[in-house]
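*Asks:* Structure below; questions to follow.
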Amino acid sequence: MRLDKFLANAKVGSRKDVKKIIKAGIVSVNGIIIKNPEFKVNYNDIIKVNDQTITPYHKVYIIFNKPSGYTSSKSEYERNVFEFITHPYVENLHIAGRLDKDVEGLLLITNDGEFTHKVISPKYNVEKEYLVEINGILTVEMIKKAKKGITLKNGRSFKPAIIKEIDNNLISIIITEGKYHEVKLILKSLGLFYKKIERIRIGSLNLYDFNLKKGDWIEIDYKTAMKALE
């Protein structure tokens, strides 16, 4: 790979900017100053700009504790979750499984399209667990109905969901699809009304293991991210 492309991919600057930086004599490759933008490098080379080591472009996995009131998009017209993400690759990042504006909790943000497909595709049966504060009383009949899978009057259907009571007016719902408004529509079909919904787990990746306050995020490594698919 050309040195200027390596630096541009690593978000050091635009292709035009990094050419100027290279020609200024402040870029080194394995300890040697290089002024040729076309110089060939690979990912094993130690590349520095002003003695600062540059990390090559790589797959990024971020856990974000979403607060209520923010959209899961890059909307210019509404406050969105990307306002919190100060990462050099933020323009290339997307969400692996969005949450509604009023829903809180675990968001996975990445630039890995294959990973996202596996997280959100129903055929991979990745569990997503939500804690829900409800108005109403969860009954055995409701639990059985959800476990069989629910079909709405308009014909829209949802795969079986596991519901259990955690505490008074607090329940857990585990789904494997993640269709639009799925948790809310399941609750409505059961005659339950929600006060608050928080996603706490995707696969075996649990939000509570990371001690993140609302609005906080952390970049995790590939091995940890893959827990979302377990």
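The values are calculated or read from the model by the stated rules, or taken from the named source; none is laboratory data. Because the structure is a prediction, the values reported are computed rather than measured. All Cβ positions, even for glycine, are placed from backbone atoms using ideal geometry, and neighbour counts span all protein chains on display. Side chains are part of the model used for accessible areas, which takes the heavy atoms of the whole protein and leaves out ligands, DNA and RNA. Shrake-Rupley method; radii C 1.70, N 1.55, O 1.52, S 1.80 Å.
*Asks:* Considering only Glu198, Glu78, Glu127, give the residue with the highest GNM mean-square fluctuation for the chain, with springs between Cα atoms whenever their separation is below 10 Å.
*Replies:* Glu78
*Asks:* For the chain, with all protein chains present and a 1.4 Å probe, just round the carbon and sulfur fraction of the accessible area to a whole percent.
*Replies:* Roughly 50 percent of what the probe reaches on the chain is carbon or sulfur.
*Asks:* Here is a further query. Along the Cα→Cβ direction, 7 angstrom out, place labels at Val140 and Lys164. What is the inter-label distance in nm?
*Replies:* Reported label-point gap for Val140 and Lys164 is 1.7 nm.
*Asks:* Let me have the relative contact order for region 1-159, percent, based on Cα pairs under 8 Å that are six or more residues apart.
*Replies:* Contact order relative to length: 15 percent.
*Asks:* Give me the one-decimal nm value for the distance between modelled label points at Asn125 and Ser68, 7 Å along each residue's Cα-to-Cβ direction.
*Replies:* 3.4 nm
*Asks:* Now for a different question. Grab the other residues whose beta carbon is less than 11 angstrom from that of Arg156, score K and R as +1, D and E as -1, and report the net. Present the calculation step by step, with values, prior to reporting the outcome.
*Replies:* Working: positive: Lys153, Lys179; negative: Glu182.
Around Arg156, the surrounding residues sum to +1.
*Asks:* How big is the shadow of the Cα convex hull of region 153-222, averaged over all directions, in nm²? Could you put the intermediate results ahead of the total?
*Replies:* Values: hull surface 26.1 nm².
That works out to 6.5 nm², a quarter of the Cα hull's surface.
*Asks:* Based on Cα coordinates alone, diagonalise the gyration tensor for region 63-156, multiply each eigenvalue by 5, take square roots, and list the semi-axes in whole Å, largest first.
*Replies:* Each semi-axis is √(5λ); the values are 30, 18, 12 Å.
*Asks:* Mark the label point 7 Å from the Cα of His58 along Cα→Cβ and return the residues of region 1-40 whose backbone N is within less than 15 Å of it.
*Replies:* 10-11
*Asks:* Just reorder Phe82, Phe193 by solvent-accessible area, largest first, 1.4 Å probe, all chains present. Intermediate results must be reported in sequence, preceding the final value.
*Replies:* Working: Phe82 25, Phe193 135 Å².
Largest accessible area first, the list is Phe193, Phe82.
*Asks:* Separate question: Computed from these coordinates, which is Cα extents along the principal axes in Å: [x] 72, 33, 32; [y] 52, 37, 28; [z] 55, 44, 34?
*Replies:* Read-out taken from this structure: [x].
*Asks:* Turning to a different aspect of this structure: Before I look further, what does the chain give for accessible area per residue, probe 1.4 Å, in whole square angstrom?
*Replies:* 56 Å²
*Asks:* Ordered by residue, what ³J(HN,Hα) values in Hz, to whole numbers, does region 189-201 give under the Karplus form 6.51 cos²θ - 1.76 cosθ + 1.60, where θ = phi - 60° and Gly and Pro are x?
*Replies:* For region 189-201, the Karplus curve yields 5, 8, x, 10, 10, 9, 9, 8, 10, 9, 7, 10, 8 Hz.
*Asks:* Hey, another quick one. In region 95-230, if every C-alpha pair distance is counted and binned at 10 Å from zero, what percent goes to each bin?
*Replies:* 12, 43, 33, 11, 1
*Asks:* I've got another one for you. Which percent of Cα-Cα pairs in region 36-103 sits in each 10 Å bin, short to long?
*Replies:* Per 10 Å bin, starting at 0, the Cα pair percentages come out as 16, 38, 20, 19, 7, 0.
*Asks:* Which of Lys66, Lys118, Lys40 moves most in a GNM of the chain, Cα contacts under 10 Å?
*Replies:* Maximum among the listed residues: Lys40.
*Asks:* With 28 Å as the limit, write out which pairs from Lys164/Lys195; Lys5/Lys59; Lys123/Lys144; Lys145/Lys214; Lys74/Lys227 have Cα-Cα distances beyond it, or answer none. Spell out each step's value before the answer.
*Replies:* Details: Lys164/Lys195 17 Å; Lys5/Lys59 17 Å; Lys123/Lys144 23 Å; Lys145/Lys214 33 Å; Lys74/Lys227 26 Å.
Correct reply: Lys145/Lys214.
*Asks:* Calculate the spin-label point distance for Lys196 paired with Lys214, positioning each point 7 Å from the Cα along the beta-carbon direction, and give it in nanometres.
*Replies:* In this crude spin-label approximation the distance works out to 0.7 nm.
*Asks:* For a quick check: with amide H placed at 1.01 Å from N, whose amide H comes under 5 Å from Tyr194's, ignoring anything fewer than 5 positions away on the same chain?
*Replies:* HN-HN under 5 Å from Tyr194: Asn135.
*Asks:* Build a GNM of the chain with springs between Cα atoms under 10 Å: which of Leu93, Leu205, Leu170 gets the top mean-square fluctuation?
*Replies:* Maximum fluctuation in the GNM of the chain, among the listed residues, is at Leu170.
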